[in-house]
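Note sheet for the following structure.
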Amino acid sequence: MMKEYVRFSRNPGIHHAIGEAIDIISAAMIPIFVMILLFTYVFRVAIVQGDSMLPTLQNEDRLLVLQLQTRPKSGDIVVINADDAVLVSQSGSLYMTEGLHKSIVKRVVAVGGQTLDISSEEGIVYINGQPQEELYTNTITQLPDLGNAFEYPFTVPEGFVFVLGDNRDISLDSRYVNVGLVAEEEIEGTVLLRLYPLEKIGAVE
């Protein structure tokens, strides 16, 4: 009866070459795996659609967004889930209504506990009675003729933010009933960098 057997190579050079190849593949896979994790749980790339953040952001800009939940502050540019809008009833209670059903990028103007006022006559935003010098806008701030979400002055409830686009003339933002207040948990991320176009790569303020 013939016995089945396997003969292993006795050439150490082959084993060494295979070992080196495995080491190279492993070394190449680790950074790829780390990048996949980072862009799944920590960062994401967002594409600007529209002109509501001019002159700060342009249509089709690519942005690096930090997805980790951090306490928002005034001046942050954020990506928010605008599927629903949160408004305030006459009795002062919060209620949810239909939103834009998409993610949008806006600037945080006021956070929970701050009192916000908008003077259409002056075109100025006031926070806690102080006029804001918003050098990033390209138009004055007006209240909408239709679809105005709030009576001003208005105190933002804790756990929510009030957002505006930098291009105030055309931006659909917290002034309107289909955006309203944004719950902090609906902030999908904070914009860190512009990645594209390449000639404008860098921090966004």
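The values are calculated or read from the model by the stated rules, or taken from the named source; none is laboratory data. On a predicted model such as this, the values are computed, not experimentally measured, just so you know. Methodologically, a virtual Cβ is constructed for each residue, glycine included, from the backbone with ideal geometry; neighbour enumeration extends over all protein chains shown.
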Could you tell me whether the stretch 34-42 includes any residue that is under 20 Å from LEU193 (Cβ atoms), at pLDDT below 95, among the polar types (S, T, N, Q) and part of a helix (DSSP H, G or I)? yes
Checking PHE162 against (1) in a loop (DSSP other than H, G, I, E, B); (2) crowded, with 17+ Cβ neighbours inside 10 Å; (3) not small (Gly, Ala, Ser), which single condition isn't satisfied? (1)
All but one of (1) out of contact with any Pro (no Cβ under 8 Å at 6 or more places or on another chain); (2) at pLDDT 95 or above; (3) under 27 Å from PHE160 (Cβ atoms) hold for LEU66, so report the exception by its number. (2)
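Residues are listed down the side, and each one gets a yes or a no for (1) within 17 Å of LEU54 (Cβ to Cβ); (2) in contact with a Phe, Trp or Tyr (Cβ under 6 Å, 6 or more places away or on another chain); (3) among the hydroxyl-bearing types (Ser, Thr, Tyr):
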| position | (1), (2), (3) |
| --- | --- |
| VAL109 | yes, yes, no |
| TYR126 | no, no, yes |
| ARG194 | yes, no, no |
| VAL204 | yes, no, no |
What is the number of the single condition among (1) part of a loop (DSSP other than H, G, I, E, B); (2) under 24 Å from the mean Cα position of the chain (by Cα); (3) surrounded by 13 or more Cβ atoms within 10 Å (Cβ to Cβ) that LEU135 does not meet? (3)
Step by step: first the residues of the stretch 167-191, then only those that are surrounded by 17 or more Cβ atoms within 10 Å (Cβ to Cβ) and in a helix (DSSP H, G or I), then the one that is nearest to the chain's Cα centre (by Cα). Which residue is that? GLU186
Out of LEU68, LEU87, report the one residue that is touching a Gly at 6+ places or on another chain (Cβ under 7 Å) and either in contact (Cβ under 8 Å) with a residue 24 or more places away in the chain or over 28 Å from GLU133 (Cβ atoms) (or both). LEU87
For the subset of the stretch 78-122 comprising residues that are of a type in the set (Ser, Thr, Tyr) and over 22 Å from the mean Cα position of the chain (by Cα), which member is farthest from ALA203 (Cα to Cα)? SER91
Scanning the stretch 165-205 for residues that are closer than 17 Å to LEU66 by Cα and among the acidic types (Asp, Glu), which turns out modelled with the lowest pLDDT? GLU205
So ASP117, is it in contact (Cβ under 8 Å) with a residue 24 or more places away in the chain, over 19 Å from SER89 (Cβ atoms), in contact with a Pro (Cβ under 8 Å, 6 or more places away or on another chain) and part of a strand (DSSP E or B): yes
Residues in the stretch 150-178 that are basic (Lys, Arg) and in contact with a Phe, Trp or Tyr (Cβ under 9 Å, 6 or more places away or on another chain) total 1
If I ask for residues that are assigned to a loop (DSSP other than H, G, I, E, B), surrounded by 13 or more Cβ atoms within 10 Å (Cβ to Cβ) and on the phi < 0 side of the Ramachandran plot, which ones from the stretch 46-69 would you list? VAL48, GLN49, ASP51, SER52, MET53, LEU54, THR56, LEU57, GLN58, ASP61, GLN67
